[in-house]
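Report on the following structure.
Please treat every number below as a calculation from the coordinates, not as lab data. Because the structure is a prediction, the values reported are computed rather than measured. Don't worry about glycine lacking a Cβ; one is built from the backbone with ideal geometry, like all the others, and counts go over all protein chains shown.
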Amino acid sequence: MPSKNTIKIFEHDGYYHVYNRGVNKSIIFRDEVDYAAFIRRLQLMLFPPQKAAKLQHTSNRIRINNYYGEVQLLAFCLMPNHFHMILGQNKADGITEFMRTLCTSYSMYFNLRHKRIGPLYQGRFKAATISDDAYFIHLSRYVHNNPIHLTSDIFTYEYSSLQYYFNDTNQTEWLKTDILEQQFKNKTEYYEFIKNMPEIKKEEKQYSLD
């Protein structure tokens, strides 16, 4: 029987909730170096090629394909044993190729750094279609609220895209904040939406990794 949310064909111009966790729910981010390594790969893959090439000079030995213009990252959150992303694709098989590249590169890094062998993730990544705007904005709230039990302030959690939505000095060429921002009148409205938690528990089962 196919696993829940195992999508084999991703629609052109479609948006998806993409997620995975460590094999046997094991830790996949042990410290800030691991988190930074994963985020750096996202940047190298999603910055415009010229900027990504410059970033390569400060990224030791990371050689990775670039998917600028093919895949869009709208939101993400990295947790100790799993991750969530909201992705869109502008090219057939874009998300499939993007996730294969990202997960393979990070697994190789993680196994080498921590002197381990074997699979890092619990199988292939999962993906659920984002069917409408209501689902999209509520999912973004769920993703951004994931670290609520790890930090006193989710708006400054370093391993989530939420900080980029409220930092005017950030570079968002690799993270497409405008698509979500268009769903709200202003940043204050989105801020209040994120803080409004009552529906999160009701929605959690719909968005969870189980």
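So between residue 81 and residue 58, what do we pick up on full extension, going 0.36 nm a residue minus the alpha carbon distance?
Numbers: separation 23, 0.36 × 23 = 8.28 nm, distance 2.70 nm.
Separation in residues times 0.36 nm, less the Cα-Cα distance, equals 5.6 nm.
When you count, for each residue, the other Cβ atoms within 10 Å and take the mean per peptide, how do 42-48, 134-140, 176-182 rank with the highest first? Write down the numbers at each step before the final one.
On the way: 42-48: 19.6, 134-140: 17.9, 176-182: 14.7.
Put in order of decreasing packing, that is 42-48, 134-140, 176-182.
Kindly rank 100-113, 67-80 from highest to lowest mean number of other beta carbons found within 10 Å of each residue. Provide the component values of the computation, followed by the final result.
Working: 100-113: 16.1, 67-80: 21.2.
Ranking the peptides 100-113, 67-80 by packing returns 67-80, 100-113.
Sorted from largest down, what three extents in whole angstroms do the Cα atoms of region 15-203 have along their principal axes?
That gives 44, 38, 31 Å along the principal axes, largest extent first.
Ranked highest first by the average count of other Cβ atoms within 10 Å around their residues, in what order do 11-22, 29-40 fall? Could you put the intermediate results ahead of the total?
Working: 11-22: 19.0, 29-40: 15.4.
The packing order, highest mean first, is 11-22, 29-40.
When only C-alpha pairs under 8 Å and at least 6 residues apart count, what is the relative contact order of the chain, in percent? Before the final figure, lay out the partial values.
On the way: 296 pairs, mean separation 59.4, N = 210.
Result for the chain is 28 percent.
For the chain, return all DSSP H helices satisfying: extent of Cα atoms along own axis at least 18 Å; mean Kyte-Doolittle hydropathy at least -1.0.
Details: long enough: 32-46 (21 Å, 0.51); 94-113 (28 Å, 0.07).
The answer, listed by residue number, is 32-46, 94-113.
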